[in-house]
Amino acid sequence: MTMQCQILLALAAAAAPTASAFDLMSAVLKSPIYKNLLVPASRNMMINTAKENGVPWADAVAWIRGATTWELDDDADVAVPAYYRQPFHAYEPGNLCWEAAWEAEVAGRAVGARNYPAFGADGEEAFRGAFDDALVAAGARTPAVGETILDLGCATGHGTRRLAAKFPDAASLVGVDLSPYMISVARRLPELCKGDNAWINVVSDDKRVSYARADAAALPFGDSSQDFVVLSFVAHELPPAATRDVVHEAYRVLRPGGQLWVTEMDFETEGFRKLRASPAFVFIRSTEPYLDVYADFGAAGVAEACADAGFGRVEAVAATGRHYALVAAKDGGPAAFVDRREATKLPDTHLKTWESKSTS
């Protein structure tokens, strides 16, 4: 841990027992400390995690930056909500920049490695596989021949491509993201990766997959036009009101019998409860502006939003020691939240915030 990190933790620890600790941390996030200390510390933690797990962060980013002359290829007239124009993930413009798009998938590999350090560079696949199993346990059905999938908040499309590979009978898969930078990279990757294994993830040119730039709360799709809507690690990046709007919009576009699949952090788990009470939480909050309000909203808030939207059965199960999967069915039945997270509780394999693989 760097001296800067130690100083910040000491300051946060001194404030933690007081009633104004939250206000102090919020003030820090609006100060030069955020830009000059917290953001670099959080970013370096991710880059170092990638390095020590054999994920070639620098090489992958250098490849994608130089793979083409990058230009935005989406001129859709899409209103960008104010909440989206905040700094996210150590990027001052948030997701509205090339750097966020170029680094999205390599950062995903680092996140996977922190959640499943024993798997090293393959940690992300183990992480995503845990959600695959959890969704099935929560009642997710397999898309049948001709059915359609929307992947909301798709970033550069890694999850969308993975869904396409997993569900060969699906007729179409549309990745949706509000960032024109993310969508531009998602659309270009299949062409750029033809005959080239230089990218960090597998990219196939699957004609069933397409991408649309849109607000997940105002989708350009008709009523009852989709069979599945996927919301993977999106809710924690939204204010609760926006999450409710997205859930209502998912209900609108789903056909009767359709399902909403949600995967997310679970702040009711012991690991995240301890983290939130710890001074180290300031590092996480520094790159996730809505994480505190999401932590209070949680799976129960998502389930309540589903009930308000009109979904019937909503089931949640543990996916990892710190995450959950939730399936909401547009089944025409009465609202019912079946919460099996405690009954399906799993061991916590996630590295602590200040840990590296070598020190765990």
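The values are calculated or read from the model by the stated rules, or taken from the named source; none is laboratory data. Bear in mind that the values here come from a model prediction, so they are computed numbers and not experimental data. A quick note on method: Cβ atoms are made from the backbone with ideal geometry, for glycine too, and the neighbour counts reach across all protein chains shown.
For segment 50-82, the tally of residues that are under 26 Å from residue 111 (Cα atoms), outside any loop (DSSP other than H, G, I, E, B) and among the hydrophobic types (A, V, I, L, M, F, W, C) stands at 8.
So that you can scan it fast, the table gives a plain yes or no per residue for (1) surrounded by 20 or more Cβ atoms within 10 Å (Cβ to Cβ); (2) modelled with pLDDT of 95 or more; (3) touching a Leu at 6+ places or on another chain (Cβ under 7 Å):
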| residue | (1), (2), (3) |
| --- | --- |
| 217 | no, yes, no |
| 222 | no, yes, no |
| 226 | yes, yes, yes |
| 238 | yes, yes, no |
| 259 | yes, yes, no |
| 267 | yes, yes, no |
| 277 | no, no, no |
| 283 | yes, no, yes |
| 307 | no, yes, no |
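Applying the set (1) surrounded by fewer than 16 Cβ atoms within 10 Å (Cβ to Cβ); (2) assigned to a helix (DSSP H, G or I); (3) modelled with pLDDT under 75 to residue 17 leaves exactly one unmet item: (2).
In segment 114-136, the residues that are under 21 Å from residue 166 (Cα atoms) and free of Cβ contacts under 8 Å to residues at least 60 places away in the same chain form Cβ pairs under 9 Å with partners that are of a type in the set (S, T, N, Q) and in a helix (DSSP H, G or I), at six or more places apart or across chains, as follows: 124/115; 126/115.
Could you go through segment 77-89 and let me know if any residue there is buried (at least 22 other Cβ atoms within 10 Å of the Cβ) and of a type outside the set (S, T, N, Q). No, there is no match, as no residue in segment 77-89 is buried (at least 22 other Cβ atoms within 10 Å of the Cβ) and of a type outside the set (S, T, N, Q).
Scanning segment 190-208 for residues that are in contact (Cβ under 8 Å) with a residue 24 or more places away in the chain and within 27 Å of residue 142 (Cβ to Cβ) yields a total of 6. Do we find a residue being free of Cβ contacts under 8 Å to residues at least 40 places away in the same chain and closer than 29 Å to residue 54 by Cα anywhere in segment 209-227? Within segment 209-227, none of the residues are free of Cβ contacts under 8 Å to residues at least 40 places away in the same chain and closer than 29 Å to residue 54 by Cα.
Each row is one residue, and each column tells you yes or no for (1) more than 17 Å from the chain's Cα centre (by Cα); (2) of a type outside the set (S, T, N, Q); (3) closer than 17 Å to residue 150 by Cβ.
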residue: 237; (1), (2), (3): no, yes, no
residue: 255; (1), (2), (3): yes, yes, yes
residue: 258; (1), (2), (3): yes, yes, yes
residue: 283; (1), (2), (3): yes, yes, no
residue: 286; (1), (2), (3): no, no, no
residue: 296; (1), (2), (3): yes, yes, no
residue: 310; (1), (2), (3): yes, yes, no
residue: 315; (1), (2), (3): yes, yes, no
residue: 319; (1), (2), (3): no, yes, no
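If the condition is being crowded, with 18+ Cβ neighbours inside 10 Å and touching a helix residue (DSSP H, G or I) at 6+ places or on another chain (Cβ under 8 Å), then segment 175-200 contributes 175, 177, 178, 179, 181, 182, 184, 185, 186, 200. If you go through segment 90-105 and pick out every residue that is in a helix (DSSP H, G or I) and either surrounded by 20 or more Cβ atoms within 10 Å (Cβ to Cβ) or touching a Leu at 6+ places or on another chain (Cβ under 6 Å) (or both), you end up with 6. Looking at 230, 203, 247, just one residue is in contact with a helix residue (DSSP H, G or I) (Cβ under 6 Å, 6 or more places away or on another chain) and outside any loop (DSSP other than H, G, I, E, B), and that residue is 247.
For segment 148-185, what are the residues that are over 16 Å from the mean Cα position of the chain (by Cα) and assigned to a helix (DSSP H, G or I)?
Once the filter is applied, which keeps residues that are over 16 Å from the mean Cα position of the chain (by Cα) and assigned to a helix (DSSP H, G or I), segment 148-185 yields 164, 165, 166, 180, 181, 184, 185.
For segment 203-212, the criterion of being of a type in the set (Gly, Ala, Ser), over 27 Å from residue 122 (Cα atoms) and surrounded by fewer than 22 Cβ atoms within 10 Å (Cβ to Cβ) is met by at least one residue.
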